[in-house]
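To start, the structure itself, in structure tokens.
The values are calculated or read from the model by the stated rules, or taken from the named source; none is laboratory data. These numbers were taken from a predicted model, which means no experiment stands behind them. In this analysis, Cβ positions are derived from the backbone assuming ideal geometry, glycine residues included, and neighbour counts consider all displayed protein chains. Heads up: the accessible areas ignore ligands, DNA and RNA and are worked out on the full protein's heavy atoms, side chains in. Shrake-Rupley method; radii C 1.70, N 1.55, O 1.52, S 1.80 Å.
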Amino acid sequence: MSVVLEIEGLRKTYKSRRRGVRHALDGFDMRVEQGQVHGFLGPNGSGKTTTLRTLLGLIRPNGGRMAILGQEVPAALPAVVGQVGAIVESPQFFPHFTARDTLSLLAGAGEVPQTRVDEVLELVGLRDRAGERVKTYSLGMKQRLAVASALLKNPKLLILDEPANGLDPGGIREMRTLTRDLAASGMTVLLSSHILGEIQLICDSVTIISLGRRVAFGPVDQVLAEHSGGAVRVRL
Ligand code: ATP
């Protein structure tokens, strides 16, 4: 099975006058194989967002290496940029635009065919509501629209940072189904969460991070059986 994402010895240190030096990532490792929904589990402040933002070239690391689809990043980031779709922050949209107009705008002039806009609307289950303004959308629908925008360029890897945040139980269920459907279509998904139950329900494999270090990884059932309630403390 081919490796879609590889991280070795990643280090990131934040320095602030108030809190001094903080090792957000302290030699962190991760490996994600093709076609998996890979969970990235850790408590608040363990380094998940820092990892994802570093991966996307938004933060400069202090050490270590990362490769996406065999290409070293950030050096080769331009080569893989269309191969990675990501939602790493709460999605912001123009409230008066319809979902279709929003995606058409993001598709740009000619770069992504307009037929792809309808395809991704269908994929995330918003095609019937595509003509409605985004301001009428629930949070769950906005989250699915964000996934649609991340899928426009047909990426090989989809990164979702805490996708269930703020969603009601119905929205969480829809995101879960959508994630599994995407994986069934061959996409690799990296899903960060601090909720053990969410990882257990959606993921094939998992990496657990604590204090900026990998403390466990492997098939989800095996890892969670070995670690939940044990050395690794995660919030349910
Ligand atoms: P959360 O789920 O709360 O976002 P997380 O696992 O994503 O947590 P990070 O946000 O990556 O964790 O934070 C890791 C550590 O780095 C924390 O101790 C955090 O306080 C610190 N940190 C993150 N961003 C900064 C920053 N810009 N400046 C200083 N410290 C930071």
Original post:
Among the DSSP beta bridges whose two residues both lie in segment 129-225, what percent are antiparallel, rounded to the nearest 5?
Top reply: 55
Original post:
Once fully extended, how much extra length lies between Arg53 and Glu122, figured as 0.36 nm per residue of separation less the alpha-carbon to alpha-carbon distance?
Top reply: 22.0 nm
**OP:** Could you check the simple spin-label distance between Val3 and Asn154, using points 7 Å along Cα→Cβ, in nm with one decimal?
**Re:** 2.7
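Exactly which GluC sites (Glu not before Pro) in segment 105-157 are in a DSSP loop and have at most 14 other Cβ atoms within 10 Å?
Taking segment 105-157 and a limit of 14 other Cβ atoms within 10 Å, the loop GluC sites (Glu not before Pro) found are Glu111, Glu132.
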Subject >> the chain - share of DSSP beta bridges that are antiparallel (%, nearest 5) >> reply: 60
Original post:
What whole number of Å gives the distance from the Cα centroid of segment 48-62 to the Cα centroid of segment 155-230?
Top reply: 19
**OP:** Consider just the alpha-carbon atoms of the chain and return their Rg together with their Dmax, both in angstrom.
**Re:** 17.8, 53
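Give Lys15/Lys142; Lys48/Lys156; Lys48/Lys142; Lys15/Lys48 a once-over and call out the pairs whose C-alpha atoms are over 28 Å from each other. Show your work: numbers first, answer last.
Working: Lys15/Lys142 35 Å; Lys48/Lys156 21 Å; Lys48/Lys142 23 Å; Lys15/Lys48 18 Å.
Pairs exceeding the cut-off: Lys15/Lys142.
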**OP:** Could you name the aspartates and glutamates whose alpha carbon sits less than 13 Å from that of Lys12, not counting residues in the same chain fewer than 8 places away?
**Re:** Asp26, Asp29
**OP:** Just the number, please: carbon plus sulfur as a percent of the accessible area of the chain, 1.4 Å probe, no ligands or DNA/RNA counted.
**Re:** 49
**OP:** Just subtract the alpha-carbon distance of Arg133 and Glu111 from 0.36 nm times their residue separation and send over the number in nm, one decimal.
**Re:** 5.5 nm
Subject >> Cα shape, segment 92-226, gyration tensor, a/c 1.5 rule >> reply: prolate
**OP:** Using just the helices of the chain, give the 222 nm mean residue ellipticity in deg cm²/dmol: DSSP H runs with n ≥ 4 each add -39,500 (n - 2.57), and the total is spread over all residues, rounded to 500.
**Re:** -9000 deg cm²/dmol
**OP:** Before anything else, pin down the relative contact order of the chain: Cα pairs under 8 Å, at least 6 apart, normalised by residue count, whole percent.
**Re:** 28
Original post:
In terms of Cα to Cα distance under 19 Å, which aspartates and glutamates are near enough to Lys135, apart from those fewer than 8 places away along the same chain?
Top reply: Glu89, Asp101, Asp168
**OP:** Return the single residue from Pro61, Pro163, Pro91 with maximal mean-square fluctuation; model: Gaussian network over the chain, springs between Cα atoms under 10 Å.
**Re:** Pro91
